[in-house]
1. Over the chain, give the accessible area per residue in Å² for a 1.4 Å probe, as an integer.
2. For n ≥ 4 DSSP H runs only, could you compute -39500 (n - 2.57) per run for the chain, divide by its residues and tell me the 222 nm figure to the nearest 500?
3. Hey, what angle do you get for helix 6-17 against the long axis of the chain, alpha-carbon based, 0 to 90 degrees rounded to 10?
4. Would you mind checking the tilt of helix 108-125 against the longest principal axis of the Cα atoms of the chain, expressed as 0 to 90 degrees and rounded to 10?
5. Write down the percent of antiparallel bridges among all DSSP beta bridges whose residues are both part of region 6-119, to the nearest 5.
6. Build a GNM of the chain with springs between Cα atoms under 10 Å: which of GLY108, GLY67, GLY53 gets the top mean-square fluctuation?
7. If you fit an axis through the alpha-carbon atoms of helix 27-39 and take the longest principal axis of the Cα set of the chain, what angle between them do you get, 0 to 90°, nearest 10?
8. With a 1.4 Å probe and every protein chain kept in, tell me what percent of the accessible surface of region 4-56 is carbon plus sulfur.
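The values are calculated or read from the model by the stated rules, or taken from the named source; none is laboratory data. These numbers come from a predicted model, not from an experiment. Areas reflect the complete protein model, heavy atoms only, side chains present, ligands, DNA and RNA absent. Shrake-Rupley method; radii C 1.70, N 1.55, O 1.52, S 1.80 Å.
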Amino acid sequence: MTQITPRTREIFARLIGFDTVSANPNIALMDYVAGLLTEVGIASTLIPDPAGGKANLYATVGQGSGGVMLSGHTDVVPVEGQAWSYPPFALTEADGRFYGRGAADMKGFCAAAIATMITAGERIKAGR
């Protein structure tokens with residue numbers, strides 16, 4: 001099984017826990033992520049839709065030109081009418097795999113990217 005850091009797993013579990021089915025708002029999830037980044041000194045900008053229920057988040061870490069852009073989405077397809085073996089909005093680890101709505105597309109990637117940004121923010125804050 002691929003190992004993930006405790007921080008990444010915690011973020012992953014929280015992201016899965018947000019019911020961000022495409023028809024639902026994602027603002028609570030975005031506020032959570034913005035808060036994580038703020039804790040380590042990373043500024044972010046929420047860009048809400050006209051109704052204010054959904055938003056994109058833009059954040060940068062470090063200074064200077066160049067860099068890498070990571071892009072992801074947090075909306076998931078509905079679960080109605082599907083036979084889930086595990087709760088869709090709770091991260092479940094079983095048989096060496098992680099299960100939950102959006103685990104593979106793409107909340108797992110988002111969790112890893114967010115955890116990496118936090119680590120970078122911590123290192124910058126510490127002067128490393």
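1. Values: 7920 Å² over 128 residues.
The answer is 62 Å² per residue.
2. Values: 3 runs with 43 residues, N = 128.
Here the helix-only value at 222 nm equals -11000 deg cm²/dmol.
3. The two axes meet at around 50 degrees.
4. Helix 108-125 sits roughly 20 degrees off the main axis of the chain.
5. Numbers: 8 of 9 bridges.
In region 6-119, DSSP labels about 90 percent of beta bridges as antiparallel.
6. In the Gaussian network model the winner is GLY67.
7. 30
8. Numbers: 1640 of 2800 Å².
Ligands and nucleic acids excluded, carbon and sulfur reach 59 percent.
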